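S.K.: Have a look at the structure that comes next, please.
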Amino acid sequence: MKFKTKTAKTDLAGRELTLETGKMAGLADGSVVARVGDTVVLATCVVAKAPNENTDYFPLIVDYEEKFYAAGKISGSRFIKREGKPSEEAVLNSRLIDRPIRPLFPKKFRHDTQVITTVLSYDGENEPDVLAIIAASTAIVQTMAPFKGPIGAARIGIIDDQFVVNPTRQQLTESKLDLVVAATSEKIVMIEAGANEVDEKKMFEAMKLAFEAIQPAIEIQKQFASTEKISVEEDVDPIFEAVKDHVGKDLRAAIKIADKHKREERWEELRQEVLTQFEGKFKQSELASSFDEALEKEVRHLILDEGQRPDGRKEDEIRPIGVEVGLLPRTHGSGLFTRGQTQALTIATLGAPGEEQMIDTMQMEGTKWYMHHYNFPPYSTGEVKSMRGSSRREIGHGALAERALVPVLPKREDFPYTIRLVSEVLSSNGSSSMAATCGSTIALMDAGVPITKPVSGIAMGLVTSKDGSTFRILTDLQGLEDFGGDMDFKVAGTSDGITAIQMDTKLTGLTFEIIEQTLEKAKIGRMTIMDKILAVIPEPRTEMSPYAPRIYTVNIDESKIGELIGPGGKNINTIIAKAGGKELVSIDIEEDGTVLVSSNNPEAANIAVKEIEAQMKTVEVGEVYTGEVKAIQKDRMSGKEIGAIVQILPNKDGMVHISEISKERVASVSSVLKIGQEVKVKVTAVDAERGRIGLSIKQAE
């Protein structure tokens, strides 16, 4: 069968980008197969023919599908082989695609729109996430959706102090920067970064380089763009005008109420007043939408035109900060970070090395020993909602805070614990993810984790004029400013550089002027918050919680690992049982022969360590032991007693020949030695190849 295909190619940082349409997913409104190297992504977009009358927001769904077959793998699970719930990596990639495309649709566009990107082939070298952003944009521009794209994306790394555009997965392991930027041909619309203390100037240079690298991917997409687009009315809305005229002044006064609860109570009163006043004239959903729009415009007017923030703060002023540590008696570490009406309680738990998380995804197999989980319960915003597992937002915010702390963690060999942080957002009025980041620093230090430097984070906001000629950058973004503003720019880092960035905007992009100023002001804000943290807990505690496990190290010869484990784990389980069982002690063995005994019971740990040392000890000639007689050895032919088998170490026996029992003549072995008797023996010979050990009682005396 012949397909009417269209193919375009361009150079993308030294690699060929190929976009092809017309062969796959022909019933979708837009579809494209994008390829770089042997990584292939299929992106589709379907737009409903009619608007959804039951929604007052843009109904966009974005999914990123990773398939094990793409990497030539079958799931490692013994019971489930079909792809099921998306991995955290897949969820984060869905957000990575969603965040730059969403603001490029008109606010009043109400057609259900779905974008699905599926990784069909993954070569382990060219990352599919950046390619998926390009593919998604290409699929959208083919449709009738009024999308203000196309957009492109690029990743920037730093290796040996040199920038690398679109580094491979292997190069990323050596890079001190993992920066992903999405942009149109004019402005940047999304930033996501993890970094090992990269300073603001270097980070800004990386963003400019990414913007330049993106342009070829944007140009090539124009060949696929549809000229027919759904029109969206942007004219003056009579419903909005009626609502604004009725409650505009009251809204402006309500915005200035400092207390969040009282302010929102007043808003609700005004909202109900609007619904009652215009009941029967307009739809309830249209009135509610117009009320929110009027509220947003009043917030913007207050900040931009009057130079006043809703709570009266200056543009660079941070809300009152509260820091507390050691709140919970039985946890290993805890920290409560409060900024205004945003509050996060972060708890640190230290576990044995064997408690690390197993990772089995399309892109990688392995383990993860540092985890941060972020919970955003409905009560944190004073709402009533069902709690049904972690949302995409919770996973994304948790990953951001996790990424921010990774560069300052101790080396695994120096601190071999599995570390899990959980941030419970207790109240939220702006930037709870950065509160969780600060809480992570506090909890880790309270737990005695020797982080190299503390990390703090802050969220920056923005309000711009309609033509973009004037703007105000707001330090420490609060909820109302996020609702009415144009940007949420989160920056985390140490005193020496940035460790994480996440930027989203409601605009069609940010200029470099805004980005540069935001980075500069964010650093000042971060350092202010850092001082507040260090005033309470200046460094990690030198003593861990008595309830945290202690890890004891025993080094054995690599060749003896199998011997220590035993058939089917029999020997290692016997040692654990002798020490009190799995409730008291756990044992993990590294490939280099490092044995890690974890326990918060010193006695149990001591038993396990001594048992391992004894079993793994190399017996040498001349050493003296106290052992137990286990058997009387007889000659196979004559049946005469020729010696005694003595256990000198766990799993190590030797033989005392009858001539080595005493300086006097011994008539028979059993006349002198009994089974179960303890005797002192000296090692006289070791035959490692045959596993034989010669012992002497008379020489030991």
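S.K.: Any residue that is modelled with pLDDT under 95, more than 26 Å from Glu394 (Cα to Cα) and in contact with a strand residue (DSSP E or B) (Cβ under 6 Å, 6 or more places away or on another chain) - is there at least one of those in the stretch 74-89?
M.R.: Yes - at least one qualifying residue is present in the stretch 74-89.
S.K.: Related question: For the stretch 146-242, which strands (runs of 3 or more DSSP E) that fit wholly inside it have 3 or more residues that are among the aromatic types (Phe, Trp, Tyr) and out of contact with any Asp or Glu (no Cβ under 7 Å at 6 or more places or on another chain)?
M.R.: Ranges flagged: none.
S.K.: OK, next. If you take the residues in the stretch 324-363 that are of a type in the set (A, V, I, L, M) and over 19 Å from the mean Cα position of the chain (by Cα), which one is surrounded by the most Cβ atoms within 10 Å (Cβ to Cβ)?
M.R.: Applying the filter and picking the extreme gives Leu336.
S.K.: Does Arg110 fit the bill of being surrounded by 18 or more Cβ atoms within 10 Å (Cβ to Cβ) and out of contact with any His (no Cβ under 9 Å at 6 or more places or on another chain)?
M.R.: So Arg110 fits the description; yes.
S.K.: Pick from the stretch 638-655 the residues that are assigned to a loop (DSSP other than H, G, I, E, B) and under 16 Å from Lys610 (Cα atoms): which of them is modelled with the lowest pLDDT?
M.R.: Asn651
S.K.: Six or more apart or on different chains, Cβ atoms under 7 Å: show the pairs whose first residue is in the stretch 165-183 and without any contact (Cβ under 8 Å) to a residue 60 or more places away in the chain and whose second is of a type in the set (Phe, Trp, Tyr) and in a helix (DSSP H, G or I).
M.R.: Qualifying pairs under 7 Å: Val181/Phe211.
S.K.: I'd like the full set of residues that are closer than 27 Å to Pro407 by Cβ, in a loop (DSSP other than H, G, I, E, B) and without any contact (Cβ under 8 Å) to a residue 24 or more places away in the chain, limited to the stretch 365-390.
M.R.: Hit for the stretch 365-390 is Ser390, nothing else.
S.K.: Pick from Ile218, Ile156: which is within 17 Å of Ile101 (Cα to Cα) and buried (at least 16 other Cβ atoms within 10 Å of the Cβ)?
M.R.: Exactly one residue qualifies, and that residue is Ile218.
S.K.: Could I ask something else about it? Does Leu336 meet the test of being more than 30 Å from Gly398 (Cα to Cα) and touching a helix residue (DSSP H, G or I) at 6+ places or on another chain (Cβ under 9 Å)?
M.R.: Spelling it out, it is not the case that Leu336 is more than 30 Å from Gly398 (Cα to Cα) and touching a helix residue (DSSP H, G or I) at 6+ places or on another chain (Cβ under 9 Å).
S.K.: Considering the stretch 523-563 alone, what residues qualify as being modelled with pLDDT of 95 or more and touching a helix residue (DSSP H, G or I) at 6+ places or on another chain (Cβ under 8 Å)?
M.R.: Lys523, Ile529, Ile533, Val536, Ile537, Glu539, Pro540, Arg541
S.K.: I've got another one for you. Tell me whether the stretch 674-687 contains one or more residues that are farther than 25 Å from Lys610 by Cβ, in a strand (DSSP E or B) and modelled with pLDDT under 90.
M.R.: yes
S.K.: Kindly establish whether Asp446 is of a type in the set (D, E, K, R), crowded, with 20+ Cβ neighbours inside 10 Å, out of contact with any Pro (no Cβ under 9 Å at 6 or more places or on another chain) and farther than 25 Å from Lys208 by Cα.
M.R.: Criteria not met by Asp446.
S.K.: Within the stretch 395-414, count every residue that is in a loop (DSSP other than H, G, I, E, B) and crowded, with 20+ Cβ neighbours inside 10 Å.
M.R.: 0
S.K.: Just give me the residues in the stretch 515-540 being touching a strand residue (DSSP E or B) at 6+ places or on another chain (Cβ under 6 Å) and either of a type in the set (Asp, Glu) or under 18 Å from Ala183 (Cα atoms) (or both), in sequence order.
M.R.: Thr518
S.K.: Now, a different point. Can you tell me which residues in the stretch 449-484 are hydroxyl-bearing (Ser, Thr, Tyr) and surrounded by 24 or more Cβ atoms within 10 Å (Cβ to Cβ)?
M.R.: Scanning the stretch 449-484 gives a single hit, Ser456.
S.K.: Turning to a different aspect of this structure: Do we have any residue at all in the stretch 89-98 that's farther than 30 Å from Asp292 by Cβ, part of a helix (DSSP H, G or I) and of a type in the set (A, V, I, L, M)?
M.R.: For the stretch 89-98, residues farther than 30 Å from Asp292 by Cβ, part of a helix (DSSP H, G or I) and of a type in the set (A, V, I, L, M): present.
S.K.: How many of the residues in the stretch 495-513 are in a strand (DSSP E or B) and surrounded by fewer than 22 Cβ atoms within 10 Å (Cβ to Cβ)?
M.R.: 2
S.K.: Do you know which residues across the stretch 301-320 are touching a helix residue (DSSP H, G or I) at 6+ places or on another chain (Cβ under 9 Å), modelled with pLDDT of 90 or more and surrounded by fewer than 19 Cβ atoms within 10 Å (Cβ to Cβ)?
M.R.: Scanning the stretch 301-320 gives Glu315, Asp316, Ile318.
S.K.: From (1) in a strand (DSSP E or B); (2) under 30 Å from Ala183 (Cβ atoms), pick out the condition that doesn't hold for Val554.
M.R.: (2)
S.K.: Going by the conditions given, is Asp592 surrounded by fewer than 19 Cβ atoms within 10 Å (Cβ to Cβ), of a type in the set (Asp, Glu) and without any contact (Cβ under 8 Å) to a residue 12 or more places away in the chain?
M.R.: no
S.K.: Considering only the stretch 368-394, state which residues are of a type in the set (Asp, Glu) and either buried (at least 16 other Cβ atoms within 10 Å of the Cβ) or within 30 Å of Thr452 (Cα to Cα) (or both).
M.R.: Once the filter is applied, which keeps residues that are of a type in the set (Asp, Glu) and either buried (at least 16 other Cβ atoms within 10 Å of the Cβ) or within 30 Å of Thr452 (Cα to Cα) (or both), the stretch 368-394 yields only Glu394.
S.K.: Continuing with the same structure: Within the stretch 461-479, is there a residue that is touching a Lys or Arg at 6+ places or on another chain (Cβ under 8 Å), in a helix (DSSP H, G or I) and on the phi < 0 side of the Ramachandran plot?
M.R.: yes
S.K.: Out of contact with any Phe, Trp or Tyr (no Cβ under 8 Å at 6 or more places or on another chain) and under 30 Å from Ala50 (Cβ atoms): is that true of Ile151 in this structure?
M.R.: Judged against the criteria, Ile151 is a match.
S.K.: Tell me, yes or no, whether the stretch 106-114 has at least one residue that is under 19 Å from Leu510 (Cβ atoms), touching a Phe, Trp or Tyr at 6+ places or on another chain (Cβ under 9 Å) and without any contact (Cβ under 8 Å) to a residue 60 or more places away in the chain.
M.R.: Among the residues of the stretch 106-114, at least one is under 19 Å from Leu510 (Cβ atoms), touching a Phe, Trp or Tyr at 6+ places or on another chain (Cβ under 9 Å) and without any contact (Cβ under 8 Å) to a residue 60 or more places away in the chain, which makes the answer yes.
S.K.: Given the conditions (1) free of Cβ contacts under 8 Å to residues at least 60 places away in the same chain; (2) not in a helix (DSSP H, G or I), which single one is not true for Ala548?
M.R.: (1)
S.K.: Condition first: over 39 Å from the mean Cα position of the chain (by Cα), surrounded by fewer than 18 Cβ atoms within 10 Å (Cβ to Cβ) and closer than 21 Å to Leu304 by Cα. Now tell me which residues in the stretch 243-292 satisfy that.
M.R.: Those that are over 39 Å from the mean Cα position of the chain (by Cα), surrounded by fewer than 18 Cβ atoms within 10 Å (Cβ to Cβ) and closer than 21 Å to Leu304 by Cα: Asp245, Gly248, Lys249, Asp250, Arg252, Ala253.
S.K.: Shifting gears a bit: Restricting to the stretch 195-232, what's the tally of residues that are in contact with a strand residue (DSSP E or B) (Cβ under 9 Å, 6 or more places away or on another chain) and either without any contact (Cβ under 8 Å) to a residue 60 or more places away in the chain or closer than 19 Å to Arg155 by Cα (or both)?
M.R.: Result for the stretch 195-232: 24.
S.K.: Among the residues of the stretch 373-395, what is the count of those that are within 24 Å of Val62 (Cβ to Cβ) and in contact with a strand residue (DSSP E or B) (Cβ under 6 Å, 6 or more places away or on another chain)?
M.R.: 5
The values are calculated or read from the model by the stated rules, or taken from the named source; none is laboratory data. Note that the coordinates shown come from a computational prediction; the quantities given were computed from them, not determined experimentally. Reconstructed Cβ throughout: ideal geometry from the backbone, glycine too, with neighbour counts over all protein chains shown.
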